[in-house]
Amino acid sequence: MSNSQTKRVVIEPVTRVEGHGKVSLLLDENNKVKQARFHVVEFRGFERFIQGRPYWEVPVLVQRLCGICPVSHHLAAAKAMDKIVGVDKLTPTAEKMRRLMHYGQMFQSHALHFFHLCSPDLLFGFEADPAIRNIIGVAVKYPDLAVQGVMMRKFGQEIIKATAGKKIHGTGAIPGGINKNLSIEERDAFLKDIKQMYDWSKSALKIAKDYTVQNLEKLKPFASFDSSHLSLIREDGAMDLYHGNLRAIDSTGKKIFDQVDYSKYLDYIVEEVKPWSYMKFPFIKQVGPKDGWYRVGPLARLNTCDFIDTPLAEEARKEFMAVTNGKPNNITMAYHWARMIELLHSIEKINDLLNDKDLQGTDLVIKGQKRYEGVGLIEAPRGTLFHHYKINENDQITMANLIVSTTNNNEAFNRSVQKVAADHIDGVPKITEGLLNHIEVAIRAYDPCLSCATHAMGKMPLKVTLYDYQGNIVDSKTKE
Amino acid sequence: MSDQITFTIDGVEVKAKPGQTIMQAADDAGIYIPRLCYHPELTAHGSCRVCTVIVNGKPQTACTQPAAEGMIVENDTPELLEHRRNLVDMLFVEGNHLCMFCERSGNCELQAMAYRLGILAPKYPYFYPDKPVDSTHKDIFLELNRCILCGRCVNASKDVDGKGVFDFVGRSIDKKIAVNSDKNLKDTTMAVTDKAAQVCPVGSINKKGTAFKIPYGSDIEHKK
Ligand code: SF4
């Protein structure tokens with residue numbers, strides 16, 4: 001009896017490169033790189049197996065998608081569920097508690113990426129010997145910096161704990177609101193450290209900025225290409241990481257669409273399936289599948305917004321935009337600089353929120369007329385995150401569609417890898433150590449949420465395979 | 001004094017009133033005997049066996065066994081701890097207990113018992129049974145993946161609510177809880193105010209609109 005119910009799902013072992021980034025480079029007749037394919041196993045099956053579950057479970061359930069930014073999934077799902085319970089506007093306490101949770105997440109995620117994953121590159125240069133170009137190298141040469149990274153991450157995680165209940169996989173956001181407010185004691189504990197967090201954020205931003213400006217000519221072509229950019233935007237054009245409408249611009253800054261109500265995203269974004277990848281390829285409908293792909297994340301957000309509503313980050317944004325004369329910045333390595341501007345913006349926002357009495361309010365949850373469909377979007381640390389659900393009359397999920405940040409950047413990964421590969425392989429079909437290193441540096445700029453990418457700098461397991469124009473493997477190298 | 005019964009639990013002298021079970025006398029004396037299906041306001045039927053103690057050398061369920069003069073009860077012994085662990089381990093694999101997103105996590109007697117007994121990981125292979133979810137009732141969400149067949153809802157509905165909404169059907173490993181209708185919970189007379197809606201030790205019978213409303217860490221099991 002029970003045997004007949006047992007199902008076995010087999011995932012092809014060749015594509016199941018556990019914790020490895022797998023890259024295929026396809027050459028043309030002249031041994032020039034024609035296409036790069038960055039293979040990602042983003043197949044988690046969540047969209048299928050949450051079907052039948054009650055909607056109120058979803059914000060807690062879907063955050064298990066990710067151990068890196070669970071808060072983003074928790075909040076995007078909660079925003080969708082607000083719609084389901086008929087709530088279009090939360091109470092001030094609920095909205096601000098959720099925002100605090102989100103900025104805490106942004107702060108800890110950006111701090112982690114900067115100090116642990118990318119600072120070795122920025123401090124030693126990405127040409128440096130991998131033997132020193134790692135977090136241990138940073139800890140030896142810049143011991144204060146390594147400690148700062150740990151303390152900033154801890155600060156952000158404590159904020160998550162105070163708002164979501166736990167540092168990871170909390171339960172704070174519920175359909176229609178939040179389940180707790182912030183006590184005076186919790187608030188004061190954070191305010192005690194806030195000045196220190198400002199100072200450290202500013203110095204991290206300075207490292208990223210100085211590195212980019214000093215190496216600008218070298219970085220400009222590295223893994224770079226013109227692209228469109230997409231993000232949420234506040235109604236007045238300000239950067240808003242928690243909520244807003246959709247804006248997409250092309251590589252010159254021209255708006256493709258603006259202030260689009262995100263519940264109508266399906267009219268604007270289409271997801272294409274390609275036979276060689278588990279991950280879909282989203283593109284902007286009106287531009288079409290060929291050129292409609294776009295980038296999301298810190299670089300895109302800096303490009304799409306008209307201004308930032310916190311003074312220090314706004315000042316930093318102006319400096320950032322000056323490098324490209326106010327035009328969109330398409331330099332892939334500028335993601336790091338943009339990320340640190342957001343780090344500073346996050347701590348400014350956290351400070352504003354902590355000083356807001358609404359956080360001690362007691363009006364936590366509201367309810368309206370039930371609906372059968374809900375869409376929730378948020379700017380996750382790595383970019384725009386889409387959650388879309390439908391329910392039946394018994395409160396059970398019947399449809400779920402998620403577009404995660406890393407999926408939004410899918411085509412951009414391939415372009416970056418292709419650019420790096422094309423610069424290295426020009427007629428000589430060989431994979432060098434330098435190429436492997438540079439592919440890692442390019443992928444890392446996006447801070448993708450892939451298991452391989454969460455390894456420290458210089459330690460990303462990577463397998464690169466080179467195919468000639470007839471599909472034969474001509475070279476293959478693995479970096480453990 | 002003469003109407004009192006005197007016996008020992010792990011060598012400690014305990015007094016019981018006539019008609020009291022070992023469990024009731026132990027509770028009055030402040031001695032904890034682990035239990036799962038037992039509920040003080042409902043008829044005990046000893047189904048989970050977690051409260052098994054050794055009475056004069058023989059295993060008995062403390063929730064059903066009347067206290068008797070001079071009996072020697074063993075409760076807190078390594079053998080019984082192992083026995084209880086095995087029982088709870090089996091309950092975990094016989095159902096689909098996914099604490100990580102269960103609305104009763106932190107307020108679940110099965111989870112609390114696992115922590116108490118020091119169970120950190122499953123010992124037996126999972127059965128992954130195919131259990132139904134019934135979300136048709138406007139106020140109640142029935143999630144039988146988490147049912148441990150304690151029978152509390154059956155007794156509460158029959159004895160307290162006078163309705164008989166729930167009953168056991170099937171035998172052995174196929175035994176399960178069913179509702180008193182050909183269709184779904186919404187087609188029964190079940191109301192959210194029924195005793196049967198208040199007594200489930202796990203996340204099987206849940207009141208809609210209450211999920212995750214208690215902040216993590218301030219729920220019952222954390223307070224304990
Ligand atoms: S539904 Fe709950 S109360 Fe009823 S038998 Fe199952 S576990 Fe016990």
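Only helices enter the 222 nm calculation for the protein assembly as shown: every DSSP H run of n ≥ 4 contributes -39,500 (n - 2.57), and dividing by all residues gives -9500 deg cm²/dmol, rounded to 500. Ordered by the count of other Cβ atoms within 10 Å of each Cβ, fewest first, A:Ile331, A:Ile194, B:Ile148 give A:Ile194, A:Ile331, B:Ile148. With all projection directions averaged, the alpha carbon convex hull of chain B covers 13.5 nm². Peptide B:119-128 shows a mean partner chain C-beta count of 1 within 10 Å per residue C-beta. Under 23 Å between alpha carbons, and skipping anything fewer than 8 positions from A:Lys202 in its own chain: which lysines qualify? Within the straight-line cut-off, A:Lys202 pairs with A:Lys141, A:Lys154, A:Lys192, A:Lys318, A:Lys349.
Summing +1 for each Lys or Arg and -1 for each Asp or Glu among the other residues whose beta-carbon sits under 15 angstrom from that of B:Lys15 gives -4.
When the Cα gyration tensor is reduced to axis lengths a ≥ b ≥ c, the ratio a/c is 1.5 or higher for chain A, and with a/b not above b/c it is classed as oblate. Length, then width, then depth: along the principal axes, the Cα atoms of segment B:5-75 run 26, 23, 18 Å. Unpaired Cys in chain B, meaning no second Cys C-beta under 4.7 Å: B:Cys51, B:Cys63, B:Cys99, B:Cys102, B:Cys108, B:Cys147, B:Cys153, B:Cys200. As a rough guide to protection, the peptides A:306-317, A:134-145 ranked by mean Cβ packing within 10 Å, highest first, stand as A:306-317, A:134-145.
Taking the number of Cβ atoms within 10 Å of each Cβ as an exposure proxy, the fewest-first ranking of B:Ile205, A:Ile184 is A:Ile184, B:Ile205. Packing-based ranking of A:69-80, A:403-414 yields A:69-80, A:403-414, ordered from highest to lowest mean Cβ neighbour count within 10 Å. Counted by Cβ distance under 14 Å from B:Ala156, the other residues give a net charge of -1, where Lys and Arg count +1 and Asp and Glu count -1.
Just check segment B:85-211 against the gyration tensor rule for me: Cα atoms, a ≥ b ≥ c as the square roots of the eigenvalues, rounded for a/c under 1.5, and otherwise prolate or oblate depending on whether a/b exceeds b/c. It comes out prolate by the Cα gyration axes.
Peptide B:207-214 has a mean of 6 when you count, residue by residue, the C-beta atoms of other protein chains within 10 Å of its C-beta. Distance from the C-alpha centroid of segment A:147-186 to that of segment A:414-449: 38 Å, rounded to the whole angstrom. Counting neighbouring Cβ atoms within 10 Å and putting the fewest first, the residues A:Glu57, A:Glu379 line up as A:Glu57, A:Glu379. For peptide A:53-59, the mean count of partner chain Cβ atoms within 10 Å of a residue's Cβ comes to 5.
Can you grab the distance from the C-alpha centre of segment B:2-23 to the C-alpha centre of segment B:107-148, Å, no decimals? Taking the Cα centre of each part, segment B:2-23 and segment B:107-148 sit 34 Å apart. What number comes out for the charge environment of B:Leu120, summing +1 per Lys or Arg and -1 per Asp or Glu over other residues with Cβ under 14 Å away? Result for the neighbourhood of B:Leu120: +2.
Every number in this text was worked out from the coordinates using simple rules, so none of it is lab data. Keep in mind that what you see is a predicted model, and the values were worked out from it rather than measured. Don't worry about glycine lacking a Cβ; one is built from the backbone with ideal geometry, like all the others, and counts go over all protein chains shown.
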